[in-house]
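Engineer: Below is the structure I would like to discuss, written out as structure tokens.
The values are calculated or read from the model by the stated rules, or taken from the named source; none is laboratory data. Computed from a prediction, not measured in an experiment: that's the story for all the values here. Methodologically, a virtual Cβ is constructed for each residue, glycine included, from the backbone with ideal geometry; neighbour enumeration extends over all protein chains shown.
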Amino acid sequence: MRAFRLLLIGCALLLSLPARAEGHVPLELLQLQACRSIGSFLSLRGEGLQPMHLQVFERDTESLRASFEALDASLRSSLQAPYSHLLARLDEGLTYGPSEDDLPWHYPEQLSRALVDLLKAAEALDGGGQEGVRMSAVKLELLNAQYAAQAYLGYFEATPGADDSYVSKGELQLLAELDAVMEQVLPQLAQSAPDAGRRARADWRYLHMALGDFDRAGRARLGRSGRPLAPLMVGRHTRGMSERLVQLAGAAL
């Protein structure tokens, strides 16, 4: 029954949101898993290398590797360098001790640059497409990674740029784009699955408040409101919401 409801919602979304060809799916999933891997890595380090966070990180990096292997050979060849560089930076991060002082001062910048380079390279091969439900999941996971970096490291080096990439957009602009998608997704969820719709609306209400409060241009671990950032809570809500979006996008294929 749940799968049938997702199919109905997905069909409705296919009609209401800009269409994306099925061939774009592997590149979008690669971008999604790259953002998730950074987010879970930051949680792992920020929470003292606890085993439970290590398990999530290992699952995410395994999914990242699987999404890369699912690409066509020509795409793998084009993305091999930035993909390998990101994995190398993540592996490097595991060699440092749990304290923030154990991290070399240049490492956060290198890690964020490795993520940005892979995302932009994949986006370019994808034709620069930024629309659709699955890309909304990518944007949400990117915001979560930026939020976690702000909370655990105090800053995120990838600042907004002048190009048209979603990676270069500020957090408030990405949040506005996500709002536009959620305005269509949430009512359809509520209509087809009322309980799930209520939970999704509550999750998005929380995420909108939290992600709208942090400022990645600053170098503080507080939100614009002066309240401390809450990366674990934001991470859990983000993962639940992005999984819903990926399921809906899959149902719409």
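Engineer: Could you say whether any residue in segment 127-149 is of a type in the set (A, V, I, L, M) and over 14 Å from the mean Cα position of the chain (by Cα)?
Structural biologist: Here is the first cut: in segment 127-149, the ones of a type in the set (A, V, I, L, M) are 133, 135, 137-138, 140, 142-143, 145, 148-149.
Now restrict to residues that are over 14 Å from the mean Cα position of the chain (by Cα): none.
No, segment 127-149 has no match at all.
Engineer: Moving on. Exactly one of these conditions fails for Arg236: (1) in contact (Cβ under 8 Å) with a residue 60 or more places away in the chain; (2) closer than 23 Å to His53 by Cβ. Give me its number.
Structural biologist: With respect to (1) in contact (Cβ under 8 Å) with a residue 60 or more places away in the chain; (2) closer than 23 Å to His53 by Cβ, Arg236 is out only on (1).
Engineer: How many residues does segment 44-83 contain that are under 19 Å from Leu119 (Cα atoms), among the aliphatic types (A, V, I, L, M) and in a helix (DSSP H, G or I)? Walk me through how you get there before you give the answer.
Structural biologist: If we filter segment 44-83 for residues that are under 19 Å from Leu119 (Cα atoms), which is where we start, we get 57, 60-83.
In the following step, the residues that additionally are among the aliphatic types (A, V, I, L, M) were identified as 64, 66, 70-71, 73, 75, 79, 81.
Still in the running and in a helix (DSSP H, G or I): 64, 66, 73, 75, 79, 81.
Selection size over segment 44-83: 6.
Engineer: Being of a type outside the set (A, V, I, L, M), closer than 26 Å to Leu248 by Cα and at pLDDT 90 or above is the filter; apply it to segment 135-167 and report the residue that is surrounded by the fewest Cβ atoms within 10 Å (Cβ to Cβ).
Structural biologist: The selected residue is Tyr166.
Engineer: Which pairs do you get when a residue that is part of a helix (DSSP H, G or I), found in segment 168-188, comes within reach of a residue that is of a type in the set (Asp, Glu), reach meaning Cβ atoms under 8 angstrom, with the pair 6+ apart or on two chains?
Structural biologist: Sorted first by the residue in segment 168-188, then by its partner, the pairs are Glu171/Asp215.
Engineer: Right, next: With respect to Leu86, determine if the residue is aliphatic (A, V, I, L, M), touching an Asp or Glu at 6+ places or on another chain (Cβ under 9 Å) and under 23 Å from Pro51 (Cα atoms).
Structural biologist: yes
Engineer: Shifting gears a bit: Of the residues Gly197, Gly240, Gly250, which single one is touching a Pro at 6+ places or on another chain (Cβ under 9 Å) and in a helix (DSSP H, G or I)?
Structural biologist: Numbers: Gly240 fails: touching a Pro at 6+ places or on another chain (Cβ under 9 Å); Gly250 fails: touching a Pro at 6+ places or on another chain (Cβ under 9 Å).
None of the other options fit; the residue is Gly197.
Engineer: While we're on this one: Looking at segment 55-90, which of its residues are surrounded by fewer than 16 Cβ atoms within 10 Å (Cβ to Cβ) and more than 19 Å from Glu123 (Cα to Cα)?
Structural biologist: Scanning segment 55-90 gives Gln55, Glu58, Arg59, Glu62, Ala88.
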